[in-house]
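Here the structure is laid out as C-alpha cells; the discussion comes afterwards.
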Amino acid sequence: MKRSYIDRTHTWGRIFSVTAICVLISLPIAICLHYDAWPEARQVLIGLRGVVPIFWTTAVLEIIVYAPMLGTGATYLAFVTGNITNLKLPCALNAKENAHVKNGTEEDEVISTIAVASSAIVTTVILAVGVVAMSPLLSKITAEGSPFAPAFKQVIPALFGALGAGYFAKHWRISIIPILTAIILVVIDGNMKTGTLIPVCIVISILAAYIMYINGLLTGGVKPENPLKSFKKDKTESK
C-alpha cells in the first residue's frame, strides 16, 4: 500500500531529528574524549536542576503550540534548524497568508515547508556572508557603547510588531485578550523570556477564541454548534 505524504514526512522527520540530536551530542562527547576530561555527574545534575523545569516545559508547549500552525514537514524542519519564534514561524505564517491556503490542507503543508526551508537556507547564507564581511566591524557595532547597540535588542519586537499589526487589524476581537495577557505577564515578570511568553499567550488565545466563538461573539450573536461536540459525534459514528 502506498504511504501518504504525511506518513512519509513523519518517517523522514524522525530520522533527521534523531540524526540532529546525535550530531549535537557528539560534539561535547568528542571534546571530552580528545581532552580526556569528563564532567562529574553531580555537577551536571546540579546544572540541569536549574534549567530542566523551564526549558523542558517550554519545549513541550512549543511542540503543542507551533505544530498546528507550521504543519508536519515544517515542524520537523523548524525544530531541527532552530530560530522558530523569530524566523521560521513568521515566515511560514506570512507565506500561508500570501498564498491564501486553508490551514491543515496539503497546500498548507507544502507552502509552510517551502517557507521554512527557504528561511533556513537564506538565513545560513546571510549569516555566512555577514560573518565574513562584517567580522572586522561586528565587535564595534554590537559593543555596549555603540550607537547601534540598542537596535539589536529590538529586532524581535520589531519583527513581531510588523507581522502582528496586520493580524490585529483583521481579527481585532480575538486579539484583545492575548494582548492584555501579554501586558499583564510582562508587568508581573519583566524578565520573562520570549520563548515562555509566546506559548503561554498562544494557549490563552486559543482558549479565548474558542469561548468567544461558541458564545456567538465572533459570529454576530449567533451561537454555532460546539465544534468539539461535533468532533466527538463524528468520531463515535465512525466507530
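Observations on the model:
- With one equal scatterer per alpha carbon and no solvent term, the Debye-computed log10 I(q)/I(0) for the range 136-217 at 0.15 1/Å reads -0.68.
- Calculated FRET value between residue 185 and residue 215, using beta carbons and R₀ = 25 Å, to 0.05: 0.55
- 25 Å tail of the calculated P(r), the chain, as % of Cα pairs: 59
- Rounded, prolate or oblate (a/c below 1.5 giving rounded, otherwise prolate when a/b exceeds b/c) for the range 171-232 by Cα gyration tensor: prolate
- Length-normalised contact order for the chain - Cα pairs under 8 Å, 6+ apart - percent: 15
- Cβ charges +1 (Lys, Arg) and -1 (Asp, Glu), total dipole of the range 78-162, debye: 340
- Counting only alpha carbon atoms, the long axis of helix 155-170 and the longest principal axis of the chain meet at about 10°.
- For the chain, adding -39500 (n - 2.57) for each run of n ≥ 4 DSSP H residues and dividing by the number of residues yields -27000 deg cm²/dmol at 222 nm.
- From phi via Karplus (6.51, -1.76, 1.60), per-residue ³J(HN,Hα) for the range 143-154 in Hz, x at Gly/Pro: 4, 4, x, 6, x, 8, 4, x, 5, 5, 7, 10
- Helix 89-99 axis, angle to the chain major axis (alpha carbon atoms, nearest 10°): 40
- Relative contact order (percent, whole number), the range 171-232, Cα cutoff 8 Å, 6+ residue spacing: 28
- Each of 151, 64, 197 was scored by the projection of its Cα onto the charge dipole of the chain, and the greatest displacement toward the positive side belongs to 64; charges sit on the C-beta of Lys, Arg, Asp and Glu.
Every number in this text was worked out from the coordinates using simple rules, so none of it is lab data. Note that this is a predicted model, so its numbers are computed, not measured. We place every Cβ from the backbone using ideal geometry, glycine too, and count neighbours over all the protein chains shown.
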